[in-house]
1. Select from region 278-288 the residues that are surrounded by fewer than 21 Cβ atoms within 10 Å (Cβ to Cβ) and not charged (D, E, K, R) and list them in ascending order.
2. What are the pairs, 6+ residues apart or on separate chains, where a residue within region 65-76 that is of a type in the set (Ser, Thr, Tyr) has its Cβ under 6 Å from a residue that is assigned to a loop (DSSP other than H, G, I, E, B)?
3. Could you list, in sequence order, the residues of region 40-94 that are among the basic types (Lys, Arg) and outside any loop (DSSP other than H, G, I, E, B)?
4. Among (1) under 26 Å from ALA142 (Cβ atoms); (2) among the aliphatic types (A, V, I, L, M); (3) touching a Ser or Thr at 6+ places or on another chain (Cβ under 6 Å), there is one condition VAL275 misses while meeting the rest; what is its number?
5. The conditions are (1) touching a residue at least 24 places away in the same chain (Cβ under 8 Å); (2) assigned to a helix (DSSP H, G or I), and ILE153 fails exactly one of them. Which is it?
6. Looking at TYR97, TYR164, which one is part of a helix (DSSP H, G or I), among the aromatic types (Phe, Trp, Tyr) and touching a residue at least 24 places away in the same chain (Cβ under 8 Å)?
7. Of the residues that make up region 130-148, is at least one assigned to a loop (DSSP other than H, G, I, E, B) and buried (at least 19 other Cβ atoms within 10 Å of the Cβ)?
8. So, in region 40-65, of the ones that are β-branched (Val, Ile, Thr) and surrounded by 11 or more Cβ atoms within 10 Å (Cβ to Cβ), which residue ends up modelled with the lowest pLDDT?
Amino acid sequence: MPSGAYSISGGKVNEGNTGGNVFRPNIWSKEVLMFVKSNLVLLPLIRHYDSDVKSSGQTVEIPNVSGITANIKSENTVVTLNYNTETKTTITINRHYESSFLVEDILATQSNYSTRSDYTQAAAYAIAEKVDNDIAKVMTAAFTGYGAFGTAINDNLILTVNRYLSENKAPRTDRSMVVHPKGEAELLAIDKFVRYDALGTGEAIKNGKLGTIYGSVVYMSQNLVSLTTTVNEYSSLFFHKDAAAIAMQMTPRTQAQYKQEHLGWLVTVDVLYGVTSLRPGFGFVIRH
């Protein structure tokens, strides 16, 4: 008898496993993962230590190797030994967030919409937003800030933080600028970033894509730190990949369980990770 069918024997109904119910959570897990990834901006731009904690562990200990000096070698003398007392950076895996909901049978039966799938996407977005905002808060708290709240981002400010990254020996590659939507509008108002004659292209004018500025890729995120006050405070970020680090022990997952006492499906999306600043001198806050 095919799987999922049932038989009646001796007045009893014996039901087999329903293939659709077995595989359904796995299918939704893939949908959730894709949805989460599409809404994360900061997560791919920082250093990852995910593999170190995939199987177990509550912290990741990262040794910090400080610089050593070059010394003059004088004739008939021994070399000068460098001796450093090294430190470490610890990522504590202590951020476990979840987003859950219950779809009762009556709603699932009477609704014309895929309620469970729609709410799963909403829960995934809540998790994505939380992760990105968490990273933004850690980076904003750790980085030195430049510029003034209430004053638009300008070319000189970008040049200043870009210079300080170079002075702090941040590599030229893997630099990113992530701006609040207000910062995006302010950048689009800077002529040299959008003019045909300055760039040889009008892509920023046609579709709002900023591309790269001084070799750094520019992104927009609604999850950056901002504060509504008399003078609204926006904190955009200019940083190298090694400025912050994350160890994601459990990537966003979805689990579903039928709850007979509620006559409905309980669905939970959760994630487990730790995040910290790694090289604070490799990142700056742009206040505007």
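The values are calculated or read from the model by the stated rules, or taken from the named source; none is laboratory data. Here the structure is a predicted model, which is why all the values come from computation and not from measurement. No Cβ is skipped: glycine too gets one built from the backbone with ideal geometry, and neighbour counts run over all protein chains shown.
1. Hits for region 278-288 are PRO280, GLY281.
2. So the pair list comes out as SER66/ASN84.
3. Matches in region 40-94: ARG47, LYS88.
4. (3)
5. Failed condition: (2).
6. Being part of a helix (DSSP H, G or I), among the aromatic types (Phe, Trp, Tyr) and touching a residue at least 24 places away in the same chain (Cβ under 8 Å) holds for just one of TYR97, TYR164, which is TYR164.
7. Yes, there is a match, as at least one residue in region 130-148 is assigned to a loop (DSSP other than H, G, I, E, B) and buried (at least 19 other Cβ atoms within 10 Å of the Cβ).
8. Out of the qualifying residues, it is ILE62.
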